[in-house]
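The values are calculated or read from the model by the stated rules, or taken from the named source; none is laboratory data. Keep in mind that what you see is a predicted model, and the values were worked out from it rather than measured. Cβ: placed from backbone, ideal geometry, glycine included. Neighbour counts: every protein chain shown.
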Amino acid sequence: MIIYIARRLGQSVFLIFGAITIVFVVLRVVSGDPASLMLGASATREELEAAREQLGLNDPLWDQYVRHLGEVLTLDFGESWRLGGDALSNVLERLPSTLTLAGWALVLTVLIGFPLGVYAARHTGRLADRLVSYLSLAGQALPSFWVGIMLVLVFARMLNLLPGTADGTPVGAILPAFTLALPFVGWLARLVRNGTLEELGKEYVRTARSKGLPEHVVLNVHVLRNTLTPVVTVLGLVMGNFIADAVIIEQVFAWQGIGSLMIDSIVYRDYAVAEAAILLIVVFYIGLNLLVDVLYFYLDPRITLETV
C-alpha cells in the first residue's frame with residue numbers, strides 16, 4: 001500500500017508540474033499587456049517600459065519560467081496588481097464560497113440521483129425506467145450555462161420565487177447548486193441503476209429470496225450495501241468536477257468564488273491570481289483522485305494492488 005501511494009504521489013507531482021508549465025505558457029501567449037492594464041490608456045511609453053521591467057516581462061520567456069517555477073514551489077505566486085496583496089491569499093479567501101456551492105451541489109446530487117437510480121432499477125424495462133434514463137441523458141447533455149440562465153428566467157424573473165443571483169443565504173444557493181448538480185444527478189442515477197441491476201442478478205440475492213426474505217430487505221440490506229461501494233468512491237471525483245465546473249456557474253449567478261475570480265483575472269491579465277486559482281483547482285482535483293483510489297482498498301476487499 002505504501003509503495004502504491006508513493007507511486008501515485010509521484011504521478012501527482014508530475015501532473016502538477018505539467019499544469020504549472022501549461023498555465024504559465026498559455027497565460028503569457030494570450031494577447032494583452034499587463035502593464036497597459038495596470039497603468040491605463042493614459043500611461044506613457046516610459047511608464048509602460050518601467051512597469052514591464054518591474055514585472056520581469058522584458059526577460060526571455062525561459063528565464064521567466066525558471067524564476068516563476070522556483071516561486072511557485074515556495075507557494076509564492078506574486079502580488080495581484082488588480083486586487084492588491086498576495087495572489088494566493090486572494091484565492092484562498094474565495095475558496096470557502098466555492099466549497100459551499102460544491103457541497104450543496106453534492107447534497108442535491110445524492111438526494112435526487114440515488115433514489116432515482118434505485119426506483120429505475122426496481123421498475124426496469126417499464127415507463128418509469130425509460131423516463132429516468134431519458135431525463136438523465138437530457139440533464140447530462142444540456143449546457144450548464146444555458147440551464148442556469150433558463151432557471152433564472154423562470155424561477156427568478158417570471159415566478160419571482162428564488163433569487164437569481166447569490167445573496168449569501170441558503171435560498172440563494174438553490175439555483176446555482178441545482179444547475180451545478182444537474183448533469184451529475186443523471187450520471188449518478190444511471191450508475192446506481194446499473195449497479196443495482198447487476199447486484200440483483202447475483203447468487204446471494206437468489207439465496208436471500210429463497211430463504212423467504214422480503215423484497216425490501218433484500219434490496220435495502222443486501223443489494224444497496226454492495227451498490228454503495230462504487231458510488232461512495234466516485235463521489236470524490238464528482239466533488240472535484242463540481243469545483244472545476246463552478247467556473248461557469250459562478251459567472252452565471254454572480255457567485256463570488258474561485259471560478260469567477262479566475263475568469264476576471266484572466267480577462268484583466270492578472271497572471272498571479274489566475275495561475276494561483278487554476279493550480280489550486282488542479283491540486284484539489286488530483287488530491288481527490290488520490291483519496292478515492294485509497295478508499296477503494298478499504299471499501300472493497302476484492303480490490304488488490306495487482307488490479308489497479
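Quick check: is even one residue across the range 253-269 over 30 Å from GLY85 (Cβ atoms) and in contact (Cβ under 8 Å) with a residue 60 or more places away in the chain? No, the range 253-269 contains no residue that is over 30 Å from GLY85 (Cβ atoms) and in contact (Cβ under 8 Å) with a residue 60 or more places away in the chain. Of all residues in the range 86-143, those satisfying the criterion of being without any contact (Cβ under 8 Å) to a residue 60 or more places away in the chain, charged (D, E, K, R) and part of a helix (DSSP H, G or I) are GLU93, ARG130. Just one of the numbered conditions (1) modelled with pLDDT under 90; (2) among the hydroxyl-bearing types (Ser, Thr, Tyr); (3) in a helix (DSSP H, G or I); (4) over 30 Å from VAL218 (Cβ atoms) is not true of THR169: (3). Within the range 16-68, if we keep just the residues that are over 17 Å from SER80 (Cβ atoms) and hydroxyl-bearing (Ser, Thr, Tyr), the residue that is modelled with the lowest pLDDT turns out to be SER31. Only one of the numbered conditions (1) under 18 Å from LEU108 (Cα atoms); (2) surrounded by fewer than 18 Cβ atoms within 10 Å (Cβ to Cβ) is not met by ALA189, and that is (2). Of all residue pairs spaced 6 or more apart or on separate chains, those with beta-carbon atoms under 7 Å, a first member in the range 214-229 that is without any contact (Cβ under 8 Å) to a residue 24 or more places away in the chain and a second member that is crowded, with 18+ Cβ neighbours inside 10 Å are VAL218/ALA208; HIS222/ALA208.
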